[in-house]
Amino acid sequence: MKMKRFFAASMQQALRDIREELGADAVILSSKKIAGGVEVICALNYDETEARESVSEPNRDVASASAVAREAASRHAQLEDEMARIRARLDQMREPQQAAPIMEPKPVAQVSATPGETGQIIAEMREEIMQLRNMIQHQSFQQTPAAPQVKASGEPVSERPQKQKAQTSDMPGTIDKALLQRLQTMGVFPELHDPLTAKINPAKSVEEQWRNLMARLAHGLKAEEEELIDQEGNVVLVGPTGAGKTTTIAKMAARFVQKYGNNKLALVTTDRFRVAGTQQLQSFGRLLNVPVVVVDERRKLDDVLDELADKRLILIDTAGLNPQDPNWEIQRQDLRVERHELRNYLVLSAVSQPQVMKSTYHYYKMLGLAGCVMTKVDEAFSLGEVISMAIVNRLPVAYFTDGQQIPRDIHHARAHALVVRAVSLWQASSEWEKQNRSGNANLQDLVV
């Protein structure tokens, strides 16, 4: 298990740095705001069992997964700080003796007066570094504190959590209300509030409970383990007009061509109902040098798929229709096949209203849905709604898109990454609302 601490100006920048250095499989153990930005501690090849072994014996079995992760992150941060302190002290010891008169008198300067004493101190420092390395390898936090760490408030670090628990345990109702308000602001559907808050521990602080809630939210959100372009078969994107089906297919096609070439890919569309409904997809096909076939009265989908039997992946675009449209039933007939298997993915726009998402799912679920794709994530004010849609209807998320660039702005979905992004949006919107309220108050003062 490899652990590393990142510093960045914003959470978004930190996530980009983590993805670039450790990849998409890195696990965030803790994050907090610091002067000038955020501090994030994450791990690669994180093993909860290994981390749990380092938890103190009385708490080992009862500690939650998030508590274990936070303790591992805290232990790593303290060990890094201690290593940095020792390295700085060693650097002072190695400075040329002629520089000593320029420096202000310090205990370190006095110690370095004789070469014999200097060598002894360096040897002690090396021994201390070796001890710290052994502690890191065994993941055991058993340092003997030379002096108790003290926070700005004057309280020892070890005493503050106990005092917080004592304070928060007396007001569980207040904590519940604060958590529910956060969930509502984040856009999480009301039907998920009770399941998420059913196992909250009133003895913990609001922030600890909030992290636990977000961990449960991420656990409830399922994602496709294998990227669709790495699978064989016939993938159909369905959804309302403007959801981003055609652009998403173009992004998926470009990713496939980059990885496997254009010989094993074909594009199909059933959208023959709109003027120029097929032109956009045909333009993408020409750019990628990939065949584009239109399903119509003369060429049924079964026949088209027979012709393309040598292709590894076939991406099928559809028209954005609703049951009130006279062409709805025609398209449903187009998507009925007898000799082939289709996997239908519902395209959900993150900027749609919750009622629109629910009605869209109601219309298209009769086709049999294998999962969903989230689009326009970069335009959304909150992501709780689209995440709730996927959880409530048990739709695994295959991709999410966050821009118009092809193929850059499409990403293989990861539940934890989506929830982290949703939390970041919630934090940004909360800050915006505070500033907006402050601005409105100033306007009222001007009017008065």
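The values are calculated or read from the model by the stated rules, or taken from the named source; none is laboratory data. Being a predicted model, the structure only gives us computed values, none of them experimental. Reconstructed Cβ throughout: ideal geometry from the backbone, glycine too, with neighbour counts over all protein chains shown.
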Residue identified as touching a residue at least 12 places away in the same chain (Cβ under 8 Å) and part of a helix (DSSP H, G or I) among 331, 355: 331
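Where residues in the range 225-243 are surrounded by fewer than 20 Cβ atoms within 10 Å (Cβ to Cβ) and not β-branched (Val, Ile, Thr), which of them is nearest to residue 349 (Cα to Cα)? Show your work before the answer.
Restricting attention to the range 225-243, the residues satisfying the condition of being surrounded by fewer than 20 Cβ atoms within 10 Å (Cβ to Cβ) are 225-227, 230-233, 241-242.
Filter once more, keeping what is not β-branched (Val, Ile, Thr): 225-227, 230-233, 242.
On the way: 225: 22, 226: 22, 227: 20, 230: 24, 231: 24, 232: 26, 233: 25, 242: 8 Å.
Selected residue: 242.
For the range 367-385, indicate whether the set of residues that are of a type in the set (A, V, I, L, M, F, W, C), touching a residue at least 24 places away in the same chain (Cβ under 8 Å), surrounded by fewer than 21 Cβ atoms within 10 Å (Cβ to Cβ) and part of a helix (DSSP H, G or I) is non-empty.
First, pick out the residues of the range 367-385 that are of a type in the set (A, V, I, L, M, F, W, C): 367, 369-370, 372-374, 377, 380-381, 383.
Next cut, touching a residue at least 24 places away in the same chain (Cβ under 8 Å) only: 367, 369-370, 372-374, 377, 380-381, 383.
Retained after the next criterion (residues that are surrounded by fewer than 21 Cβ atoms within 10 Å (Cβ to Cβ)): 367, 369-370, 381.
Subset that is part of a helix (DSSP H, G or I): 367.
Yes: one or more hits.
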Subset tally (residues that are modelled with pLDDT of 90 or more, within 24 Å of residue 184 (Cβ to Cβ) and of a type in the set (Gly, Ala, Ser)) for the range 199-234: 3
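Going residue by residue through the range 181-189, is there one that turns out to be crowded, with 16+ Cβ neighbours inside 10 Å, under 30 Å from residue 341 (Cα atoms) and aromatic (Phe, Trp, Tyr)? Show your work before the answer.
As a first pass, look at the range 181-189 and keep what is crowded, with 16+ Cβ neighbours inside 10 Å: 182-183, 186-189.
Narrowing the set further to residues that are under 30 Å from residue 341 (Cα atoms) leaves none.
For the range 181-189, residues crowded, with 16+ Cβ neighbours inside 10 Å, under 30 Å from residue 341 (Cα atoms) and aromatic (Phe, Trp, Tyr): absent.
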Failed criterion for residue 314 (all others in (1) in contact with a helix residue (DSSP H, G or I) (Cβ under 9 Å, 6 or more places away or on another chain); (2) part of a helix (DSSP H, G or I); (3) closer than 20 Å to residue 232 by Cα hold): (2)
Residue 336 more than 30 Å from residue 188 (Cβ to Cβ), outside any helix (DSSP H, G or I) and not hydrophobic (A, V, I, L, M, F, W, C): yes
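Looking only at the range 166-177, filter to residues that are in a helix (DSSP H, G or I) and not aliphatic (A, V, I, L, M); which one of those is modelled with the highest pLDDT?
Here is the first cut: in the range 166-177, the ones in a helix (DSSP H, G or I) are 166-168, 172-177.
From what is left, the residues that are not aliphatic (A, V, I, L, M) are 167-168, 172-174, 176-177.
Details: 167: 44, 168: 42, 172: 47, 173: 50, 174: 49, 176: 73, 177: 82.
Checking each candidate, the answer is 177.
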In the range 263-281, residue nearest to residue 238 (Cα to Cα) [restricted to those that are polar (S, T, N, Q) and surrounded by fewer than 15 Cβ atoms within 10 Å (Cβ to Cβ)]: 279
Cross-chain or 6+ apart pairs with Cβ under 6 Å, the range 1-28 first and part of a strand (DSSP E or B), then surrounded by 12 or more Cβ atoms within 10 Å (Cβ to Cβ) and hydroxyl-bearing (Ser, Thr, Tyr): 27/46
